[in-house]
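Read through the structure below, which is laid out as structure tokens, and then see the notes.
Just so it is clear, none of the values below were taken in a lab; they were calculated from the coordinates. Here the structure is a predicted model, which means the values were calculated and not measured. Here the Cβ is made from the backbone with ideal geometry for all residues, glycine too, and neighbour counts use every protein chain on show.
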Amino acid sequence: MKKIFWFLFIFCFLFTGLGFAQTAKIIKLEGSVQIKKTETDNWQIATIGTYLKKEAEIKTKADSSCTLAFDKQLDNLITIEQNSHLKLEQVKPAELFLPEGRVFSIIDNLADIGEFKIKTPVAVSGVRGTGDSVESTEEGTTVKCFAGEIYVESLLKPQDPILGSGSGIKVSPTGQLGNIFGLSEDDWRMWNKFLAGINSMRGGPTPRPNGSPGLDRMKGERRDSIREDFFQQRRKDEEGRESSGSNGGSPNSIAR
Amino acid sequence: MKYKVFFWFILLFFISSFSYAQVEQEKEEVKLARPQESYQFRPDINHRISLFSGYDTNVKLSNERTGDMFEEFLYSFDYDQKLSADLEFNLDYDFDYINYNEVTDITSLLNHLRLGLDKTFSLCNLGIGYDLGYLYYPKNKDGDFLIHKGFIYLEKDLGKFQHKLQFEAGSKDYIAQNTLSDTISTRESTERLDRRIAAFYQIGIDVNPRLYLSFRTKFLRNDSNARYLDFYDYNAYNQRLSLTYQATKKAYLLADFSYERKEYKTRTVTNQSYKQEDDFYSVRTGIMYLLDKKTSISLDYVYRYNSSNEPLDEYVENVISCGWHYYF
């Protein structure tokens, strides 16, 4: 019976929330942001702490933004800027669809999410552990690389250049890739503003004043050994008193 | 035989999950016509130094209630290294020195090392590891011990919920103390050795962005080579509830509530014929304040009460301490 119980317990453990394992979390909001959790849901006001699964959509109005985290350590983050619409086609590996608007992303641990791609109507950009921005408008898609390397794939023409840090490229509505250009001061200012916001969220030390759980257990072992040593001595004294002819039984002992 | 079948089932289960994930990945590669390139994994290294000072009302954990001041120094080193996209190596080392001003016998140095490997599968994470601790009493060599154990766990992150199932097996080796023989006053020529097995299940919940709760239930069995009444053989059942609450941007409130039921296998109450049973309660509360990204201070209070049918083992302890912590 016990073996069946453990088998079922492990089985349930493995399969519990299978569909819930892959989520992105809203960690920061500014202004007016709406979300749609599934394709059939209605638009609702976004709240911090909401977990979004695949097929979820986010819309931001003017002077608004939304930051999503793809992991607990805040290594992989994106910020959806104002007047944008984004769909999470997949969460892990991350595949985002940006029909309009702008997204800044920083991917410091690509291994954790496997892959990170942002698709627009005319292009796909994929990161290799880096920071970038992707902007999609009626005039095409603009991809800018601020750190590391990204590749840009035109959906309509078979070209896929790689952008290094400090460069950008524009893809026309017909899928034509433009020339690679250098980033302007304005671009870097916007990127630094995004980075400052990310760094403030990544914050400082986690509250664990007494050390790791393993150390806590070791300290418990230390307390146990102190208690046992002193108890053993007292018991030895008590038994010694009893065996030398004291009254039988400790007066305060309790039968349970 | 049944255990072997169960083991092979779990192994096949993980292999099939892993294979499924690999096939899906290959399909994606064909679609993109872009080769996967290796990614440089940076290790994550963290150090921490903490200084504590406090007062303990019952350092001997007995009904005598001897109080004493203490100072404590803690150094912690954490090293996490991704070996591949889904495999991570962890190393934690802690050095802890606690000094009691009057009851100097229990001043001690603790070295603790934990090594682990964590592999991500599509269904969950599987981890294995080894934990080693060495406790040294500079003024009481009889108390020194070495504790080591292997562990294996399954862990699953469901976004708002995280849960973990862990099995442990190990031993506590009293390297300077011989085990009890046929009476409490006589000793064997061999060292005392306690064998341990344990299992626990833990669930954590992000209730909201400020509040995190976790609950753990644990079973532990201790089997000692002490002969007299199998003196240190017991089963223990432990439940613990913890919470962390971010009160302000820089201040965190921490609380732990724990209950443990300990049933000794054959040890009887002193001069009685019935077995010893203990109910142990522990409450810890504290506040941690972040002075800046690298420095924080803390204030901690712990209340412990062991309710036992053995009067000699009943005790109450209160510990208050303040700490300073530096991360780099």
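One table, with the values for the structure above:
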item	result
Loop-resident sites, segment B:44-101, for chymotrypsin sites (Phe, Trp or Tyr not before Pro), counting at most 15 other Cβ within 10 Å (DSSP)	none
³J(HN,Hα) computed for each position of segment B:237-246 - Karplus, 6.51 cos²θ - 1.76 cosθ + 1.60, integer Hz, glycine/proline x	10, 10, 10, 9, 10, 10, 9, 10, 10, 8
Exceeding the 21 Å Cα-Cα cut-off - candidates B:K218/B:K265; A:K236/B:K275; A:K53/B:K218; A:K72/A:K119	A:K53/B:K218; A:K72/A:K119
Neighbouring partner chain Cβ atoms per residue of B:131-144, average, 10 Å criterion	2
Listed residues B:T244, B:Q202, B:Y232: farthest to the positive end of the dipole of segment B:185-245 (Cβ charges)	B:T244
Cut-off 17 Å, label 7 Å out along Cα→Cβ of A:E89, residues of segment A:34-56 by amide N	A:39, A:53-56
Cα gyration tensor category, rounded, prolate or oblate, for segment A:63-173 with a/c compared to 1.5	oblate
Value in Å of the Kirkwood radius, where segment B:156-206 supplies the Cα pairs that are averaged	14.1 Å
Eligible aspartates and glutamates near A:K36 by straight Cα distance, threshold 18 Å, same-chain separation 8 or greater	A:E55, A:E57, A:E81, A:E89, A:E95, A:E100
Tilt relative to chain B, helix B:2-32 - C-alpha long axis, 0 to 90 degrees, to 10	30 degrees
When each of A:K61/B:K164; A:K59/B:K293; B:K60/B:K149 is checked by Cα-Cα distance, pairs over 30 Å	A:K61/B:K164; A:K59/B:K293
Assigned charges on the beta-carbon of Lys, Arg, Asp, Glu; chain B dipole about Cα centre (debye)	880 debye
Segment B:R195-B:D279, extension gain: residue separation times 0.36 nm, minus the distance between their alpha carbons	28.0 nm
Modelled FRET efficiency - R0 51 Å, A:I45 with B:Y130, Cβ distances, 0.05 increments	0.55
Estimated vicinal HN-Hα couplings, Hz - segment B:317-328 in sequence order (Karplus 6.51, -1.76, 1.60; Gly, Pro = x)	9, 10, 10, 10, 8, 10, x, 10, 10, 10, 10, 8
Counted charge near A:I180, where neighbours are those whose Cβ lies closer than 11 Å (Asp, Glu -1; Lys, Arg +1)	+2
Charge sum, other residues only, whose C-beta stays under 10 Å from A:E55's C-beta, Lys/Arg counted +1 and Asp/Glu -1	+1
Cleavage-rule hits, GluC sites (Glu not before Pro), segment A:23-64, DSSP coil, Cβ neighbours within 10 Å at most 11	A:E39
